[in-house]
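The values are calculated or read from the model by the stated rules, or taken from the named source; none is laboratory data. Predicted model, so just to flag it, every value in this text is computed and none were measured. No Cβ is skipped: glycine too gets one built from the backbone with ideal geometry, and neighbour counts run over all protein chains shown. Keep in mind that these areas ignore ligands, DNA and RNA; they rest on the heavy atoms of the full protein, side chains included. Shrake-Rupley method; radii C 1.70, N 1.55, O 1.52, S 1.80 Å.
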Amino acid sequence: MSNQLSFEINGRKADLPLYTGSEGETAIDISKLRSQTGTITLDPGYVNTGACTSGITFLNGEEGILRYRGYPIEQLAENSSFLEVSYLLIHGELPNAEQLEDFEGNITRHTMLHEDLRHIYQAFPKGAHRLMGKMPTIAGWAFKKNIGQPFIYPDNNLSYCANFLSMMFQVPAVDYEPAEEFVKALNVLFILHADHEQNCSTSTVRLVGSSQANLFASIASGIAALWGPLHGGANQAVLEMLMRIHNDGGNIDKYVDMAKDKDSGFRLMGFGHRVYKNFDPRATIIKSACDRVLNLLGVDDPLLDLARRLEEVALSDEYFVERKLYPNVDFYSGIIYRAIGIPENMFTVMFALGRLPGWIAQWKEMHQDPKTKIARPRQIYNGETARDYVPIEKRVAG
């Protein structure tokens, strides 16, 4: 605590502490604002409200900075693995070789599910490590069930990402080995999605967890929040936009002009970001992975070809450059998933798999903080004032 903010409202004085975070960001502690002044703050969407203190992720949208536990996302995406990053988020430090081996073992040894999906919940374990092991199998088996193919058992000799791709795309009696670039791209995607500060789904995990709900109930609430098209469905919206352009003849310039026209009602999906006011650092990383995957396949998908053309136009157009409307992580992630062969109805599932260690870390940090209270936002009431009940026979119609 450095100093305090003092002011007066309706004759009542408030003395509110000012706090400075480790990266220099400043916050006004308003926890006693109502008791001192009878006044609350109004902040729709909580865009100016800090609901917690956290040492997990640092995000500076103005400068395009994202760090996990102090490590730049660029370094982690280049050098680390998803499970190593998961350990970092959950435990606070990078693991040594023995710790990582134990962590990976705890996960890979608990990937198996009961074959009868009616008993799937009986297979849910009590520990976070096992939850990370079960989730890819649940996702892979759900995909196989949806397309009417037999389940593929997890292979603990494969890496986390390779094992998941195997459960998705392998079929019985056919040799399958996921392309190395697919595995690398999925590893990078999971790392980039592993945590993103207090976004909608993460805040939901904390909100539900503040009632002492257990890890599984809290994670389930985060998945539900992620399911909304404005959050986890954003990359699917990108492909829907590309399909619209394709079905209309593939005229990129037409839709770029429509995006510039405020009265057209059309938006370029996957460009710009609510938090990043400069560029999304994750997009720079994922673009390289996207290029490698598309080069591996050869671009014979009309939507992927459209995506590349749209990216080139938008990055060179003054309108978008001046407004810093750069392609974001959702633009590229949907393209990569499509190129790998993952259907659109699995995109949010993929997001959830990547975000899982972040949710676990946030839930764990919250429960270890003795200052944690059950969340209970206030409101400004703008309805009718007190009035008397009128019997139905005396009410005037209309």
**Asked** D29: within 21 Å of P370 (Cα to Cα) and charged (D, E, K, R), yes or no?
**Response** yes
**Asked** Which of the residues that make up segment 197-212 are closer than 17 Å to I90 by Cα, open to solvent by 10 Å² or more (accessible area, probe 1.4 Å) and in a helix (DSSP H, G or I)?
**Response** S203, R206
**Prompt:** Across segment 266-283, what is the total count of residues that are open to solvent by 40 Å² or more (accessible area, probe 1.4 Å) and of a type in the set (S, T, Y)?
**Reply:** 0
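Residues are listed down the side, and each one gets a yes or a no for (1) in a helix (DSSP H, G or I); (2) open to solvent by 40 Å² or more (accessible area, probe 1.4 Å); (3) out of contact with any helix residue (DSSP H, G or I) (no Cβ under 6 Å at 6 or more places or on another chain); (4) free of Cβ contacts under 8 Å to residues at least 60 places away in the same chain:
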site	(1), (2), (3), (4)
E62	no, yes, yes, no
R67	no, yes, yes, yes
A77	yes, no, no, no
L83	yes, no, no, no
L89	yes, no, no, no
P95	no, no, no, yes
**Request:** Select from segment 213-228 the residues that are closer than 21 Å to M346 by Cβ and touching a Phe, Trp or Tyr at 6+ places or on another chain (Cβ under 9 Å) and write down the one among them that is most open to solvent (accessible area, probe 1.4 Å).
**Result:** I223
**Message:** Based on this model, can you work out whether E101 counts as over 22 Å from V208 (Cα atoms), open to solvent by 90 Å² or more (accessible area, probe 1.4 Å), assigned to a loop (DSSP other than H, G, I, E, B) and not aliphatic (A, V, I, L, M)?
**Reply:** no
**Asked** Just one of the numbered conditions (1) under 29 Å from V47 (Cα atoms); (2) open to solvent by 20 Å² or more (accessible area, probe 1.4 Å); (3) aliphatic (A, V, I, L, M) is not true of I286; which one?
**Response** (2)
**Asked** Would you say E181 is outside any loop (DSSP other than H, G, I, E, B), charged (D, E, K, R) and either open to solvent by 50 Å² or more (accessible area, probe 1.4 Å) or out of contact with any Ser or Thr (no Cβ under 9 Å at 6 or more places or on another chain) (or both)?
**Response** yes
**Request:** Please work out which residue is nearest to the chain's Cα centre (by Cα), limiting yourself to segment 262-297 and to residues that are outside any loop (DSSP other than H, G, I, E, B) and of a type in the set (S, T, Y).
**Result:** T284
**Request:** At least 3 residues that are closer than 21 Å to D195 by Cβ, open to solvent by 40 Å² or more (accessible area, probe 1.4 Å) and out of contact with any Asp or Glu (no Cβ under 7 Å at 6 or more places or on another chain) in each: list the helices (runs of 4 or more DSSP H) lying fully within segment 298-396 that qualify.
**Result:** 347-368
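Here's the yes/no breakdown for (1) closer than 22 Å to Q198 by Cβ; (2) open to solvent by less than 60 Å² (accessible area, probe 1.4 Å); (3) within 27 Å of the chain's Cα centre (by Cα):
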| position | (1), (2), (3) |
| --- | --- |
| A14 | no, yes, no |
| G21 | yes, yes, yes |
| E25 | yes, no, yes |
| Y46 | yes, no, yes |
**Asked** Name the residues in segment 234-251 that are open to solvent by 10 Å² or more (accessible area, probe 1.4 Å) and either aromatic (F, W, Y) or under 22 Å from C200 (Cα atoms) (or both), would you?
**Response** A234, Q236, A237
**Prompt:** Checking G249 against (1) farther than 29 Å from L66 by Cβ; (2) in a helix (DSSP H, G or I), which single condition isn't satisfied?
**Reply:** (2)
**Request:** Select, from D263, D257, the only residue that is without any contact (Cβ under 8 Å) to a residue 24 or more places away in the chain, of a type outside the set (F, W, Y), open to solvent by 10 Å² or more (accessible area, probe 1.4 Å) and touching a Ser or Thr at 6+ places or on another chain (Cβ under 9 Å).
**Result:** D257
**Request:** Could you tell me which of the residues I340, I360 is at pLDDT 95 or above and β-branched (V, I, T)?
**Result:** I360
**Request:** Please specify each residue of segment 59-78 satisfying the condition of being under 19 Å from I286 (Cα atoms), touching a Lys or Arg at 6+ places or on another chain (Cβ under 7 Å) and not β-branched (V, I, T).
**Result:** G61, L66
